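No value in this document is a laboratory result; all are computed from the given coordinates. Note that this is a predicted model, so its numbers are computed, not measured. FYI the Cβ positions are ideal-geometry reconstructions off the backbone, even for glycines, and counts take in every protein chain you see.
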Amino acid sequence: MTVTEERPTVEIGAPRKRKEDARLLTGRTRWTDNITLQGMLHIAMVRSPVAHGTITSISTDAAKAAPGVVAVLTAADLGDAQGGLPNAWQVAPDQKAPNHPSMAIDHVAFAGEVVAMVVARSSAEARDGAELVDVDYDYLPPALDLRDCAADKVLAHPDLGTNVSAHYEWHSADHGTGGDVEAAIAEARANGIVIEREYRQQRLIPAFMEPRSIVADPTGEQWTIWTSTQVPHFVRIFMALVTGIPESKLRVIAPDVGGGFGGKLQFTPEEVLTVLAAKHTGKPCKYTESRSESLMAAHHGRDQWQKLTLAANSDGIVTGLKVELLADMGAYLGLVSSAIPLLGAYMFNAIYKFGSYKFACTNVFTNKAWTDAYRGAGRPEATFAIERLMDELAAEVGVDPMEIRQKNWITHDEFPFRTVAGLDYDTGNYEAATDKAKQAFGYDELRTEQKRRRDAGDPVQLGIGISTYTEMCGLAPSRWLGSQGYIAGGWEHASIRMLPTGKVEVVTGTSPHGQGHETAWSQIVADRLGVAFEDVEVLHGDTQVAARGLDTYGSRSLSVGAMAVVAAADKVIEKAKPSAAHLLEADVGDIEWSGSQLRVKGTEEGKSLGEIAFAVLQSHNMPDGVEHSIDADATFDADTFSFPHGTHLCAVEVDTETGNVAIRKYVSVDDIGKVVNPLIVDGQVHGGIAQGVAQALFEEGVYDDSGTLVTGSFVDYLVPSAADLPTFDIDRTETPATTNALGVKGVGEAGTIASTPAVVNAIVDAVRHLGINDIAMPCSPQRVWSAIQSAGGAS
Amino acid sequence: MARINVTVDGVGYSDDVEPRTLLVQYLRDTVGKTGTVVGCDTSNCGACTVHLDGRSVKSCSVLAVQADGHEVTTIEGLADGDTLHPMQQAYHDNHALQCGYCTPGMIMQSIDLLNDNPSPSEQEVRDGLEGNLCRCTGYQNIVKAVLAAAQGGAS
């Protein structure tokens, strides 16, 4: 365990306006699609309109003859060169996965799969050419319904012989962290309460605003690949493994990247195909997807059936929780598709002290776009389930849903606490966050109003929803990842280069795409090295500049990535000490760091790191053995996760005559430990809550009976606008993490994890007196109205 | 090909374009105004919003030939040297952008909104930005920025 160091923090905690903004506000941006190279060719993909079928013929003659078309490539042209796309996580020893070619060979497994590509001199000519490619298919029955698919009623990949990719289980009784869940359920059936529910985590689409784009340049001795990705380091490694181009010949750059939310945590068919097109033509090639292609073929998220059994005694003390999941993988396994449910497996018990816990999951293939990481990745699903169940338990016991939580949660004096799922929570104070949230919300007053309106038979009913969430952040300790079947580690790397003019270059292995690392890392380094915020330059997202790194996802950048930055900064100071001693004519043992200078102990005489960097550059008079650089590299691998938590409260007004839901008030109090930049943190919370609210009320990726994506444009996939969302009233408590030097926990996913159950609990709370205990997400007016009608109407 | 004469950010251009060329394609590919971006293909997201003769339009929904003889202002034409337009400054001051992809369109629409209604309520701001999607911010700081710009007299 690391003890948080007390250091002067002028910059850390300050609401610094972002460095990134200057270029983004003025249009001086470097999106991948902005990159144009001499002689560059453009790619249009031909995609299968068929969800499941066999390709019987592809006619490319007309396309090849079209103006501007340079090449038309099918799988037959690519041959073995296209290899197969990787899945990086084996959740069970016998995990099954179909071969995943970047371009379909003869079998198509979802609508949107690439079957050919047209390379032309302009983007318009490429698209015109793609229209002329004629593909014939033999239709196969599409495997679409998750439950039917789990039972192998229709096969998504007939060659595989089953739709089940993997089944895995975890039981507290096997790990010494709790009792036998079946015994707890049996006891509760006899003498207590058993709550059984099935919840649907609908399919969501990350819908980052910048469509994915790739430019691959084969000219020169080294490939340069620009790609709109969260994970340039992953792309470099997997591109080498898949295409056979030596890793040392690949430079991958993630320039300005317009959002990701997990949706750009992928190694994509389009990346491979763009490289293969460039290889084939010998020219730089660009591919930029349309929004429709993005919605159809970039990976989706969520999509689970959750079967839940909660056991409690008659007072509402939970004695056991059994979770049985079906998780829709879609047509293929992406990088971490198989492990998304696993990332939630240790979170269903959330902030509570349960006596026993069992988790089981079956990963299932269907003929839909494949699923993978989407903001929260497994943890929103888990949090939704348990927070909904706690409300159901409260209703059964007949107490306020807040009271049932208080009966079961870990109290602040019980930390550190080993949970029934085997995780060690270092710190937390659920009482403090909840008290603050209740006060800001006016909880008791709203309960009073709710009762008044219910008694009066108001057609617009008030509902109050609670979500007292926690999450595991900072993905992830390398040893833990190894123990769970992941192929890579979870450490992070940083370099700090002290320039002789006093400027500082910070190179981070994380790869931001909106999170503000350039600003936050500058604040951290400014404090750590006693330099001006303005003098720090943060470099990232280019494997030639940031040679090592594991990129940005899973709320890891601050709690893992910035710890490497801190470690590198501390190394710089240590490394500069012999030079400082020499310049100050003192013994190294007498040199100490003042916060801005290396000084001779007990004196004001010192040298700044900039001065030392300049002296080292000259090296006119340095002792033997001193390195001619005070730059330093460092890595950081966490011992454990960090555990942000908080209390979100939502009040909704449900019009029982129309089914319309309006959020009247939304309060969040998050505890993310120490805050580096409150402006950035607030922004992360706002955006996170918005995405969780969107799952509760608006968004769903819908396929029709033929396996066609119905929500294939922003006309039908309802990303909320400003007019659809309220103002969120957000605040914080601060219980520092004890597992890293800054006491930080991570904030990227918190809002999304917390908010969905808060909203749905509020909706159900508004209509529970009508006999309703669940409404499937998204809770559209139609669904809410139908639920009310089915329950016998508004009164 | 059709010949068009368009003023973009104060500079006159005369170009031959295919009649089907969208204004956004002309701005990006011919004039090099890559600050203006494309976010969808159904005119839902508003990322490509520019001003045509001072009024906001989604440049994916206008043909380049329709801009013939007209004046276009993009995000790149707003600042006066190093001095940001008050709306750009308000976005910066209020952390109204994260990834920044929607920002050019959002700012152009925000300016148009205040041109129509210099003192909007919060709800009027939300309604006025309904045609521009942002995935990062939850809109909270965007709304705050527009209200702040209105207070400061920006339009």
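Being within 14 Å of another protein chain (Cβ to nearest Cβ), within 17 Å of residue A:722 (Cβ to Cβ) and not in a loop (DSSP other than H, G, I, E, B) is the filter here; which residues of segment B:46-57 pass it? Working first, answer last.
First pass over segment B:46-57, keeping only residues within 14 Å of another protein chain (Cβ to nearest Cβ): B:46-51.
Pick out the ones that are also within 17 Å of residue A:722 (Cβ to Cβ) and you get B:46-47, B:49.
If the condition is that a residue be within 14 Å of another protein chain (Cβ to nearest Cβ), within 17 Å of residue A:722 (Cβ to Cβ) and not in a loop (DSSP other than H, G, I, E, B), then B:49 is the only one that fits.
For the residues A:454, A:479, the requirement of being among the charged types (D, E, K, R) and touching a His at 6+ places or on another chain (Cβ under 9 Å) singles out A:454. Among all residues of segment B:107-123, there is none that is more than 17 Å from residue B:150 (Cα to Cα) and within 10 Å of chain A (Cβ to nearest Cβ).
For (1) surrounded by fewer than 24 Cβ atoms within 10 Å (Cβ to Cβ); (2) over 30 Å from residue A:230 (Cα atoms); (3) in contact with a helix residue (DSSP H, G or I) (Cβ under 8 Å, 6 or more places away or on another chain); (4) within 14 Å of chain B (Cβ to nearest Cβ), each residue gets a yes or a no:
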| residue | (1), (2), (3), (4) |
| --- | --- |
| A:727 | yes, no, yes, yes |
| A:747 | no, no, yes, yes |
| A:751 | no, no, yes, yes |
| A:765 | no, yes, yes, no |
| A:775 | yes, yes, yes, no |
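Within segment A:285-338, take every residue that is closer than 30 Å to residue A:185 by Cα, among the small types (Gly, Ala, Ser) and in contact with a helix residue (DSSP H, G or I) (Cβ under 9 Å, 6 or more places away or on another chain) and give me the one that is nearest to the other protein chains (Cβ to nearest Cβ). Looking at the filtered set, the residue picked out is A:327.
Which one is farthest from the chain's Cα centre (by Cα) among residues in segment B:4-45 that are part of a loop (DSSP other than H, G, I, E, B) and more than 11 Å from chain A (Cβ to nearest Cβ)? Among those residues, the one meeting the criterion is B:19.
Annotation: residue A:447 fulfils all but one of (1) part of a helix (DSSP H, G or I); (2) more than 25 Å from residue A:774 (Cβ to Cβ); the unmet one is (2).
Here is a check on your reading of the model: is residue A:635 in a loop (DSSP other than H, G, I, E, B), β-branched (Val, Ile, Thr) and out of contact with any Lys or Arg (no Cβ under 7 Å at 6 or more places or on another chain)? Even if it seems obvious, please write down each step before you answer.
Details: in a loop (DSSP other than H, G, I, E, B): no; β-branched (Val, Ile, Thr): yes; out of contact with any Lys or Arg (no Cβ under 7 Å at 6 or more places or on another chain): yes.
No.
Just need a number here: residues in segment B:58-80 that are more than 20 Å from residue B:135 (Cα to Cα), part of a strand (DSSP E or B) and out of contact with any Asp or Glu (no Cβ under 9 Å at 6 or more places or on another chain). Final tally of qualifying residues: 2. Taking the criterion of being more than 15 Å from residue A:575 (Cα to Cα) and of a type outside the set (Asp, Glu), the residues of segment A:597-618 that qualify are A:600, A:601, A:602, A:603, A:606, A:618.
Residues that are under 25 Å from residue A:343 (Cα atoms): find the strands (runs of 3 or more DSSP E) completely inside segment A:169-280 holding 3 or more of those. Steps first, answer last, please.
Values: elements: A:193-204, A:213-217, A:223-227, A:250-253.
Because the criterion is at least 3 residues that are under 25 Å from residue A:343 (Cα atoms), the strands (runs of 3 or more DSSP E) in segment A:169-280 that meet it are A:193-204.
Screening residue A:763 on (1) outside any loop (DSSP other than H, G, I, E, B); (2) under 16 Å from residue A:457 (Cα atoms); (3) of a type outside the set (Asp, Glu) shows it passes everything except condition (2). When A:635, A:647, A:658, A:708 are checked against the criterion of being under 30 Å from residue A:575 (Cβ atoms) and away from every other protein chain (no Cβ under 14 Å), A:635 stands alone in meeting it.
Within segment A:696-705, is even one residue in contact with a His (Cβ under 9 Å, 6 or more places away or on another chain), under 27 Å from residue A:208 (Cβ atoms) and part of a loop (DSSP other than H, G, I, E, B)? Checked against the condition, which is being in contact with a His (Cβ under 9 Å, 6 or more places away or on another chain), under 27 Å from residue A:208 (Cβ atoms) and part of a loop (DSSP other than H, G, I, E, B), segment A:696-705 yields at least one hit. Can you find a residue in segment A:680-696 that is more than 18 Å from the chain's Cα centre (by Cα) and of a type outside the set (Gly, Ala, Ser)? No, every residue in segment A:680-696 fails to be more than 18 Å from the chain's Cα centre (by Cα) and of a type outside the set (Gly, Ala, Ser).
Conditions (1) more than 30 Å from residue A:110 (Cα to Cα); (2) not in a loop (DSSP other than H, G, I, E, B), marked per residue:
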residue	(1), (2)
A:374	no, no
A:382	no, yes
A:391	yes, yes
A:396	yes, yes
A:404	yes, yes
A:427	yes, no
A:437	yes, yes
A:457	yes, no
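Residues in segment B:85-106 that are within 7 Å of another protein chain (Cβ to nearest Cβ), in contact (Cβ under 8 Å) with a residue 40 or more places away in the chain and part of a loop (DSSP other than H, G, I, E, B) were compared, and the one that is surrounded by the most Cβ atoms within 10 Å (Cβ to Cβ) is B:101.
Of all the residues in segment B:126-155, those that are part of a helix (DSSP H, G or I), surrounded by fewer than 24 Cβ atoms within 10 Å (Cβ to Cβ), in contact with a helix residue (DSSP H, G or I) (Cβ under 8 Å, 6 or more places away or on another chain) and free of Cβ contacts under 8 Å to residues at least 24 places away in the same chain number 3. Taken over segment A:26-69, the residue count meeting the criterion of being over 21 Å from residue A:212 (Cα atoms), within 12 Å of another protein chain (Cβ to nearest Cβ) and under 37 Å from the mean Cα position of the chain (by Cα) is 1.
Scoring residue A:789 on the criteria (1) within 22 Å of residue A:462 (Cβ to Cβ); (2) in contact (Cβ under 8 Å) with a residue 12 or more places away in the chain; (3) part of a helix (DSSP H, G or I) leaves a single failure, condition (2). The set of residues in segment B:61-84 being within 12 Å of chain A (Cβ to nearest Cβ) and surrounded by 15 or more Cβ atoms within 10 Å (Cβ to Cβ) consists of B:73, B:74, B:75, B:76, B:77, B:78, B:79, B:84.
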